[in-house]
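The values are calculated or read from the model by the stated rules, or taken from the named source; none is laboratory data. Since we're looking at a predicted model, the values are computed, not measured. Reconstructed Cβ throughout: ideal geometry from the backbone, glycine too, with neighbour counts over all protein chains shown. The accessibility values were calculated without ligands, DNA or RNA, using every heavy atom of the protein model including side chains. Shrake-Rupley method; radii C 1.70, N 1.55, O 1.52, S 1.80 Å.
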Amino acid sequence: AGAHPGAVEPPAAAAAPAPPAESGPDPVSVCTVAEGITFSLRDSVELFQNGKSLGVQSCGKETRFETQFNTVYVPGELTVVAYEAGVEIGRTSLKTSGKAAKLALAAERYETLAFINVDVLDQDGLLVADSKAPLSIEVTGAARLLAFGGVGALHRKGYELSQTTAGEGHALAVLKLEKGGGKVTVTVCGEGIEKTAVEL
């Protein structure tokens, strides 16, 4: 199928890293790419790979709101455009991430505990979803480290150590806060990754 009438070229938008390379055609589930777009009986979707249309397919009630496109993985951007009665009603994109370059830390502080979410990002701020980067953490101030780990990380000596590996581009630290409070600084770094700190 060719490009949908009235379709526009997708903008250069960053959303998330694309899947790892495959040696042959790989079915791309549009439900995964277009999460958050509501479909109805008459809807269709068009998939763009690096700006080139891969065709238009139905994606409504008769297809159980899912369709697939077979394509060979190449780095870049996948964009799904959703149409109703030929009119665009939404679009979303996935973009290939680069190598791990920096970290994003997000802190959640409660009465006695604090949680530090660690995301491994590329230079453009995209999550590196396949990253298993070794990470180190340092906690200073009125708190101590209870646990630090990532998905699939092996901790034969327990999770209380200050080193772990990221899993799927993420890691999590749990802190025990001292009574009386006070400032806490958490610093995380990794090989080839910029050191990042957050204060609680």
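Residue separation of Cys189 and Ala106 scaled by 0.36 nm, minus their Cα-Cα distance, works out to 28.4 nm of gained length. Here region 115-178 was treated as a single set of alpha-carbon atoms; its pair distances binned every 5 Å from 0 give 4, 19, 28, 22, 15, 9, 3, 0 percent.
Per-residue 3J(HN,Hα) values for region 168-174, derived from phi via the Karplus relation 6.51 cos²θ - 1.76 cosθ + 1.60 with θ = phi - 60°, read 6, x, 10, 8, 9, 10, 10 Hz in sequence order (x marks Gly and Pro). Heavy atoms of the protein chains alone define the surface here; on that basis region 53-112 has 55 Å² accessible area per residue at 1.4 Å probe size. Could you check how many percent of all C-alpha pairs in region 59-188 are farther apart than 25 Å? That fraction is 46 percent.
Summarising the label geometry, the points placed 7 Å from Cα in the beta-carbon direction at Lys61 and Glu199 lie 5.7 nm from one another.
If the chain linking Val72 and Leu113 were pulled fully straight, counting 0.36 nm for each residue of separation and taking away their Cα-Cα distance, it would gain 10.1 nm. For region 47-94, the extents of the C-alpha atoms along the principal axes are 31, 20, 15 Å, listed from largest to smallest.
Label separation (Leu172 vs Asn50): 3.8 nm, computed from points 7 Å beyond Cα along the C-beta direction.
With a Förster radius of 45 Å applied to the beta-carbon distance between Asp124 and Leu161, the computed FRET efficiency rounds to 0.90. Electrostatic bookkeeping for Ser97 treats Lys and Arg as +1 and Asp and Glu as -1; over the other residues with beta carbon under 13 Å from its beta carbon, the sum is -3.
Considering only protein heavy atoms and a 1.4 Å probe, what is the carbon-and-sulfur percentage of the accessible area of region 111-200? Don't skip to the answer; put the middle values down first.
Numbers: 2550 of 5030 Å².
It is 51 percent, rounded to a whole number.
For the ranges 138-147, 108-117, what's the packing order if you count other beta-carbon atoms within 10 Å of each residue, average per peptide, and put the highest first?
Values: 138-147: 16.2, 108-117: 13.8.
Going from most to least packed, we get 138-147, 108-117.
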